[in-house]
Each structure stands twice: as C-alpha cells, then as structure tokens.
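Since the structure comes first, as structure tokens, the remarks are kept for the end.
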Amino acid sequence: MGHVALEVADIFRTHGSAWRKAQRGHLSLGQLKVMSAIEQCRSAALGGHVLRCEGCRQVEIAYNSCRNRHCPKCQAGAARRWLQARQADLLPVEYYHVVFTLPAPIADIAYQNKAVIYGLLFDMAAQVLLTIAGDPKHLGASIGATMVLHTWGSALTHHPHVHGIVPGGGLSPDGKSWVSCKPGFFLSVRVLSRLFRRRFLEELQAAHRRGRLQFFGEHATLADASVFARWLAPLRQCEWVVYAKRPFAGPQAVLAYLSRYTHRVAIANSRLVAMDERGVTFGWKDYRAKGRTRHKTMTLGADEFMRRFLLHVLPGGLHRIRHYGLLANGSRKTNLARVRELLHAVPADTSQARDSGAEIEHAKPCFVCLHCGAAMLVLQTFTRGQTIRAPPPEPHAA
C-alpha cells in the first residue's frame, strides 16, 4: 500500500477538538468555520457518491469537497476555472510583476483590522501604479492591473502583501494609441515606494479619525489620536518594500504564474513533512539565506501550527483577487477590445473556446477510475449524514 500524504485536515482532525476547547472565546466564527470545513472536506460528513468503474468493475466512494477558499484541497480546481476565464484577457505584450509589502508594525495592527487595512493595501497599491503610470514623466498612459492578496510568509507568519500583474503599457490619454514601456523596465520602484508610503499613511490616519480602526492588547493605547500620530512618525521615514521582478517570458508564463498564486492558501499539503509527538514538521524557504540552504524544515507544536494557519483566514466578503484600471470588471471587455485593435492583434474567439470547452467538459466522464482510467458510473448519491447503503447487485445478463 502506498504512503498516505499528510494533510492540514489530518492535523485539524487529530488536534483541533482539544485546541478549540482550550481557545474557547478566542477564535472567531470565521476561523471555526474554516476548521470545520477543512476537517469535513471529502469525508462522509459532506455526502458523496457510490461509483462503479465500467472497465474493471471497481466500486468506490467519492466524497464531496467543502469548497472553502482556505482549504488546500479545494483550491486547485478553483484556480483552473479562474484561469480558463482569464485566458481571453491576455494581451500580446510584456507583463510585469510588482509586489507591495506592509512594514511589520502595520502588519501587527492589520491582524486586528483585516478588512480595513487589507482594503487599503489593495487600493493604495493600485492607485500608486495607475498614478505613476499616468504621469507623462514616466509612462503617460492608462494601465490595468490584477492584484492578488497574500497574508503569509513562508513560515506561516503574518506578512500581508499584494502581487500586481501588469501589462507593459497602456492607452494614451486620448485613447487613440498604445503606449509601451521601455523593454525590460516598467516603472521606477523608488518612486512607487515613496508614493505608496505617503498615500497609505494618509489613508490609514483618515481611517483612524473616522473610528474605523480597533486596537486590543499591547496596541490598545493607539486608540488615542496623539499616541497614534507619534506611532506613525517613524513609519514616514523608513523605506517601504516595493519589489519589481523581471518581465514574464510571454503571456503563457503569466498564466503559469497565476495558476500558482491566485488561489494559494497559507500552506499547501505538499509542504507538510510529518506529524508526531514533537508537533508538525513542514518545509519553508528562508529568503535571508542563499542557494540551496534556503530550503529548510521547521517543526511547530500542533497548537502553534493551527494558530499560525488560522492567522490567514480572511473576513467574509473580502475579495483576494481584484482588477483595476483597464482590467476593471465594469469596462474590461471594451478596453481589451480597443487595445487589441490598436495592437493589430487577433482577438481570441472566446465564444468558440467556451463552447468547445463546454463540449469537452460534457464529453468527459465526471469520475475516472484510478485503476484503469475508464469512466465510472454513479450508483448512488448520498447527502450529509445519510447512511451509505451497499452497492446494488450486478444486473443479470439478458
């Protein structure tokens, strides 16, 4: 029998119940829901199907998924569906990757004010990109950007940052031409960083004045306006990290990158190494080290592992993928059509691709046998909590 890989669900099922009791009153409803969903994912608790292979006659049970956006098992399918929808949006231009990161002090208070500060991180990063790109001293064009929120570091610590995927150019102010950026260079990182720092701190102070921020524990004194102003002062002087990577090697490389980043959760099951009496061991990348020594393993107690994982549960209704400028949802279709016209690019036949994709999906069997690859027939569907009956007997040959 093959080795069964360790999953986050195994850790929650083994240690979650005792930890919830110990943390009663300290876990949010959202965190409790995430734990419950991951523990029940692809188990009898969510119902499923009894299947029989048409080829080898193997009978199996397939349980339903939880579809929670924090579940490591459920996000691969969601990423594939999202990418299929995004293929039609790609343009035949260079794409750039820009990362905006919050300093550690603001990351500390962001955990207590996720909806407000994550929203500011999105909007200020996008605003800075659109503002600097629109300045004639830099690009002088209207650009678009797709922003993806990540809240974790490799060791599961709280490290909020957004990844921006940006086409290398934009529409001229009159909308009659496409303005390309210099090959291999998008915008000045230094300029982006300084404006991002100023605009974010302005909006953060405005949110404090409007009473939108909450502070607890060691940060409780920041509720006072004068204390908060003194706390902000050093943040106006330190450097804020805005990082621009090299352009992608073509539109398909953008899709490959997005498939790894858009629906990623705090830790993938593939990074888990072991769970034993010492705790949970997982792989992580130490970015301060160089070469192969970057890749290390870390062991945390099960309680600490679960605490760090649940740091990254997002508030309900908070979208972690957003589109701005030319790619904003309301005008994306019209803007992309105009850009393709200016670039003399053949528009993607999205209707044909969608129809053919639907035909392929319809032609594919919903379930495939792991033993012989043949289609599997659904013999029985059972709902949550319903007892699974034995498979019906084989029909007699005529």
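The values are calculated or read from the model by the stated rules, or taken from the named source; none is laboratory data. Since we're looking at a predicted model, the values are computed, not measured. Please note: Cβ atoms are built from the backbone with ideal geometry, for glycine as well, and neighbour counts cover all protein chains shown. Surface accessibility is based on the protein's heavy atoms, side chains included, excluding ligands, DNA and RNA. Shrake-Rupley method; radii C 1.70, N 1.55, O 1.52, S 1.80 Å.
Annotations for the structure displayed:
- Among the residues of region 125-150, the ones that are open to solvent by 10 Å² or more (accessible area, probe 1.4 Å) and not in a strand (DSSP E or B) come to 11 in all.
- Among the residues of region 88-109, the ones that are surrounded by 15 or more Cβ atoms within 10 Å (Cβ to Cβ) and either under 20 Å from LEU258 (Cβ atoms) or among the β-branched types (Val, Ile, Thr) (or both) come to 15 in all.
- Only listed residue being open to solvent by less than 30 Å² (accessible area, probe 1.4 Å), within 23 Å of the chain's Cα centre (by Cα) and modelled with pLDDT of 95 or more, chosen from LEU310, LEU300, LEU258: LEU310
- Residues (in contact with a strand residue (DSSP E or B) (Cβ under 6 Å, 6 or more places away or on another chain), assigned to a helix (DSSP H, G or I) and of a type in the set (Ser, Thr, Tyr)) located in region 224-271: TYR261
- Matching residues, region 68-78, being crowded, with 17+ Cβ neighbours inside 10 Å and over 13 Å from THR151 (Cβ atoms): ASN68, CYS71, PRO72, LYS73, CYS74, GLN75
- ARG199 in a helix (DSSP H, G or I), in contact (Cβ under 8 Å) with a residue 40 or more places away in the chain and not small (Gly, Ala, Ser): yes
- Residue-level check: of (1) open to solvent by 50 Å² or more (accessible area, probe 1.4 Å); (2) in a strand (DSSP E or B), ARG42 misses just (2).
- Of all the listed residues (ASP286, ASP276), the sole one being of a type in the set (D, E, K, R) and open to solvent by less than 50 Å² (accessible area, probe 1.4 Å) is ASP286.
- Tally of residues being in a helix (DSSP H, G or I) and either open to solvent by 40 Å² or more (accessible area, probe 1.4 Å) or farther than 19 Å from PRO234 by Cβ (or both) across region 208-223: 6
- With respect to the conditions (1) open to solvent by 60 Å² or more (accessible area, probe 1.4 Å); (2) within 25 Å of the chain's Cα centre (by Cα), VAL34 lacks only one, and its number is (1).
- For the criterion of being of a type outside the set (A, V, I, L, M) and over 30 Å from VAL265 (Cα atoms), ASP123 fails.
- For region 202-260, the set of residues classified as of a type in the set (Lys, Arg), closer than 30 Å to LEU90 by Cα and touching a residue at least 40 places away in the same chain (Cβ under 8 Å) consists of LYS245, ARG246, listed by residue number.
- Answer from PHE248, PHE216 - the residue that is out of contact with any Pro (no Cβ under 7 Å at 6 or more places or on another chain) and modelled with pLDDT under 90: PHE248
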